[in-house]
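Structure first, then comments.
The values are calculated or read from the model by the stated rules, or taken from the named source; none is laboratory data. For clarity, every value in this text was computed on a predicted model and none was experimentally measured. We place every Cβ from the backbone using ideal geometry, glycine too, and count neighbours over all the protein chains shown.
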Amino acid sequence: MKFNDAISGSALLALAIAILVNIQSFPRIPGQSIGPSAFPGLLAALLAVCAVILIFNGLRDRAAGAWITPGAWLRSSRHASNFLLTVGVLLFYIFLSNKLGFVICGTVVLAALFWKLRVRAVLILPIALGATLVIHLIFYKGLRVPLPWGVLLPIAW
């Protein structure tokens with residue numbers, strides 16, 4: 001799917017303005033001219049400049065095409081179903097990971113994606129569970145990022 005540059009530029013300009021408004025609440029450091037808001041503010045200002053250029057180019061090129069041009073993949077049922085499955089498993093993880101836990105949700109997500117990609121049935125569950133446990137180990141032990149345990153909390157290691 002192709003969006004006109006004016007649409008993308010407008011979204012980026014809104015993001016830049018939101019950042020610039022938000023950094024106003026960052027604390028000032030006494031005796032320093034550069035505080036915690038300096039670099040996010042600089043990046044937001046540069047983002048705003050790029051957004052304005054995109055909006056200008058998009059409005060200039062508007063006569064040549066539509067605001068939104070659907071991609072060829074939307075006409076393919078296989079590609080559209082892959083997209084919908086991806087969105088679905090992400091929503092599943094977002095809404096249920098705290099209740100069910102990372103290990104269960106990660107295994108279900110990977111198993112669903114492997115099934116859709118036609119991985120051999122006997123390999124789906126072992127690979128999905130193994131990959132989820134490796135990812136959990138990397139985040140939990142290596143990076144010290146706590147992932148939700150959910151219903152597995154009583155047996156958490």
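Structure data summary
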{"read-out": "Which listed residue, of 41, 58, is closer than 21 Å to residue 24 by Cα and either outside the structural domain of residue 20 (by TED's automatic domain parsing) or surrounded by 13 or more Cβ atoms within 10 Å (Cβ to Cβ) (or both)", "value": "41"}
{"read-out": "Residue selected from segment 94-122 under the condition loosely packed, with under 11 Cβ neighbours inside 10 Å and in a helix (DSSP H, G or I), by the criterion farthest from the chain's Cα centre (by Cα)", "value": "122"}
{"read-out": "Segment 55-74 residues that are part of a helix (DSSP H, G or I), paired with ones that are among the hydroxyl-bearing types (Ser, Thr, Tyr) (beta carbon under 8 Å, 6 or more apart)", "value": "55/10; 58/8"}
{"read-out": "Count of segment 61-82 residues which are farther than 25 Å from residue 15 by Cα and either within 23 Å of the chain's Cα centre (by Cα) or loosely packed, with under 10 Cβ neighbours inside 10 Å (or both)", "value": "13"}
{"read-out": "Candidate set from segment 7-23 (those that are under 14 Å from residue 46 (Cβ atoms) and not β-branched (Val, Ile, Thr)); member that is surrounded by the fewest Cβ atoms within 10 Å (Cβ to Cβ)", "value": "15"}
{"read-out": "Segment 136-153, subset surrounded by fewer than 11 Cβ atoms within 10 Å (Cβ to Cβ) and hydrophobic (A, V, I, L, M, F, W, C), residue nearest to residue 99 (Cα to Cα)", "value": "153"}
{"read-out": "Scope segment 2-52; condition part of a helix (DSSP H, G or I) and charged (D, E, K, R); matching residues", "value": "5"}
{"read-out": "Criterion (farther than 21 Å from residue 116 by Cα, out of contact with any helix residue (DSSP H, G or I) (no Cβ under 9 Å at 6 or more places or on another chain) and without any contact (Cβ under 8 Å) to a residue 40 or more places away in the chain) met by exactly one of 46, 42", "value": "42"}
{"read-out": "Residue within segment 128-151 that is among the hydroxyl-bearing types (Ser, Thr, Tyr) and within 30 Å of residue 4 (Cβ to Cβ) present", "value": "no"}
{"read-out": "Checking residue 91 against (1) out of contact with any Asp or Glu (no Cβ under 9 Å at 6 or more places or on another chain); (2) within 30 Å of residue 19 (Cβ to Cβ); (3) surrounded by 12 or more Cβ atoms within 10 Å (Cβ to Cβ), the condition it does not meet", "value": "(3)"}
